[in-house]
Amino acid sequence: MQDLESEIRALIAEIIERSPAEITPDANFFTDLGVDSMMALEILTAVEKKYKIQIPEEKLAQFTTLKQTVIVAGEYLAAKPQNA
Amino acid sequence: MDKKRVVITGIGVLAANAIGKNAFWEAILNGVSGIKPVSLFDTTGFKVKRAGEIKDFSGQAFLGDKGLRTLDRSTKLIASAAKLALDDAHLEINEENTRQIGVAIGATFGSIKSICDFDMDGLKDGVRYVNPALFPNTVINSPASEVSIKFKIRGFNATVSTGFCAGLDAVNYARDFVRFGRANAVLAGGVEELCEEIFLGFYKTKFLDELDEPGGNFLGEAGAIVILEDLESALARQADILAEVAGFGTNFDQASGLKRAMRLALDDAGLKKNDINGFFSSSAIKSMVGECFSASGALQVAAAVGAIQKQPLKINRLMVNCSGPNGNNSSMIISKYS
């Protein structure tokens, strides 16, 4: 989980053009980090692409913090077939 | 209705032979070539290996480090030209004047690379994993829109897509807004980027000849913007007036179109042919920076203003001409302000 958090933090840092250190687990993407709706979609797509998973778009509403994003990604990663 | 006089108060240029107004004027007046080996893509397989590339361009020097990540080269070129032009004109955009300022940009081929990249990502990784933030680059009005967004300009925003004439047509579109009182100032110009996809297209259609040496027919890239203002507004803010846009003519006629466009421009300016003492043609610019299509007309306007300002040949009224093989022709008269 620690590796997953660190990888997703790096992805988000690149998209929102901030240092990874600013993306604390509970920092709110929208109110604390200036994420807009397009960036949120980019984060969702970047996570899906990196782990070759498909996260339903209704889950986007849960992408509000690093912690929440890691939980959702972890859930779909765990459900991913091993040979997929 | 009294038409307002339209003057040029600022210039921003990024071209293969120079960046910035003064450097561009010096380069053009001294015939400095920007044609060089292409570094943006691999030219193995092409007989032509050079082009008018703006080397090491990233946009950061003009636009800062942030907010550029998903913008394509065309958008960064024209936004950088806008920054240079606004600085040159000392035109500050604020809450009070922003709705009276517009943007008119000529762009034709600029989105081809973005469309190809977007499609390629979908083919390689699957449509599910295409980055949604790259989609806006695939539409032709993206560069003009980004100029308005980046500089918080809330007046009209237009993209003119008329190929070889687009830059000149965009300047005229802007001129109409100003002279009929619908805008006080407009950032007007054109942009094209160099990329493998456009290079391949013009190589395969034999637009590029295979003479990879001076005198050959090279592609180029550029972002060029002039700031147009009505004379009253320019004088009120004590702007440095560089030149005046005196006339314009255009048509679509392969047979005798350019001649007719020139005649229309003279009529529009109320001038006779003997009143013109200088010409800029697209081929003159092309020989130094490569064929820049939609940026060519705006580059020529910028160069014409330089000829008037620097006065190497005691010129005070020039005609700028653009002509495309499909039949598009446009002419504009640039005069010394007096």
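Shown in residue order for the stretch B:73-79 are the 3J(HN,Hα) couplings computed by the Karplus curve 6.51 cos²θ - 1.76 cosθ + 1.60 at θ = phi - 60°: 4, 4, 5, 5, 5, 6, 5 Hz (x for Gly and Pro). Step through the table entries B:Lys36/B:Lys113; B:Lys3/B:Lys272; B:Lys36/B:Lys286; A:Lys50/B:Lys55, compare each Cα-Cα distance with 24 Å, and write down the pairs that go over it. Violating the 24 Å limit, Cα to Cα: A:Lys50/B:Lys55. A convex hull fitted around the alpha carbon atoms of chain B yields 138 Å³ per residue.
Accessible surface buried by the B/A pair amounts to about 1200 Å², both sides summed, 1.4 Å probe.
Taking all pairs of distinct Cα atoms, average 1/r, flip it, and tell me the Kirkwood hydrodynamic radius of chain A in Å to one decimal place.
Value: 12.7 Å, from the Cα pair sum.
The reciprocal of the average 1/r between distinct C-alpha atoms defines the Kirkwood hydrodynamic radius, which for the stretch B:45-134 equals 16.2 Å.
Relative contact order of the stretch B:79-142, taken over Cα pairs closer than 8 Å and 6 or more residues apart, is 31 percent. The mean accessible area for residues of chain B, using a 1.4 Å probe and ignoring ligands and nucleic acids, is 42 Å² per residue. Altogether, the Stokes-Einstein calculation at 10 °C and 1.306 mPa s, with the Kirkwood radius of the stretch B:215-291 over Cα pairs as Rh, returns a diffusion coefficient of 103 µm²/s.
Heavy-atom accessible surface of A:Val72, to the nearest 10 Å², is about 0 Å², with a 1.4 Å probe and all protein chains retained.
By the Cβ distance rule (another cysteine Cβ under 4.7 Å), the unpaired cysteines of chain B are B:Cys116, B:Cys195, B:Cys292. Residues of the stretch B:55-69 whose accessible area, computed with a 1.4 Å probe over protein heavy atoms, drops by at least 30 Å² once all protein chains are present relative to their chain alone are B:Lys66, B:Arg69. When Rg and the Kirkwood radius Rh are both evaluated on Cα atoms of the stretch B:1-69, their ratio Rg/Rh stands at 1.14. Taking only alpha carbon atoms, the protein assembly as shown gives an Rg to Rh ratio of 1.05, where Rh is the Kirkwood radius. Electrostatic tally near B:Ala265: other residues with Cβ closer than 13 Å to its Cβ, Lys and Arg +1, Asp and Glu -1, net +3. Across the stretch B:30-36, computed HN-Hα scalar couplings (Karplus, 6.51 cos²θ - 1.76 cosθ + 1.60, θ = phi - 60°) run 9, x, 6, 8, x, 6, 8 Hz from first to last residue, x flagging Gly and Pro.
The values are calculated or read from the model by the stated rules, or taken from the named source; none is laboratory data. Note that the structure is a prediction, hence the values are computed from the model and not measured. Glycine also receives a Cβ, built like all others from the backbone with ideal geometry; neighbour counts cover every protein chain displayed. When the accessible area is computed, the model is the full protein with side chains, heavy atoms only, and any ligands, DNA or RNA have been set aside. Shrake-Rupley method; radii C 1.70, N 1.55, O 1.52, S 1.80 Å.
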